[in-house]
Amino acid sequence: MGATVRIGELAATSGVSVRALRHYEQAGLVHSERSDNGYRSYGVEAVNRVRNIRHLLDAGLTLEDVRVFLPCLDGDLTTAAPSAKGLRVALDRLAVLERRIAAQREVRDRLAAALRSAGVTPGVMTG
């Protein structure tokens, strides 16, 4: 292994928490070596990988979804051409989110109707 960083350095440099890094490692998305004193050490290339993982998670994908992108997590995801498999995962995740949003709107509408039938105007609090 070439140049390495410890978990705290990786967290600070990549902008994620130590807890998130452990979670990514447990999910098999990043890998570390253990030094003699038991500390985790990561290759410096892990900084880009973790930033890419965070980018995909921030876009709405799950850790399981991110697994599809393992072959390209060390590159520049923001400029790379999307793969057919990656697009399929993203489209499937979008469909899941759309269904959840629709279900939440239905619940909101039922609650608003119940409030109106009780003589309360939704969004207006008195007292």
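We did not get these values from a lab; they are worked out from the coordinates using the rules stated. From a predicted model like this one, the values you see are computed outputs, not experimental measurements. So basically every Cβ, Gly included, is an ideal-geometry build from the backbone, and we count neighbours across all protein chains shown.
Rank the residues Ile101, Ile7, Ile53 as a footprinting-exposure proxy: fewest other Cβ atoms within 10 Å of their Cβ go first.
Ile101, Ile7, Ile53
Beyond 11 Å, what share of the Cα-Cα pairs of the range 81-120 is found? Please give it as a whole percent.
68 percent
If Rh is defined by the Kirkwood formula over all Cα pairs and Rg also comes from Cα, what ratio Rg/Rh do you get for the range 1-120?
Dividing the radius of gyration by the Kirkwood radius yields 1.19.
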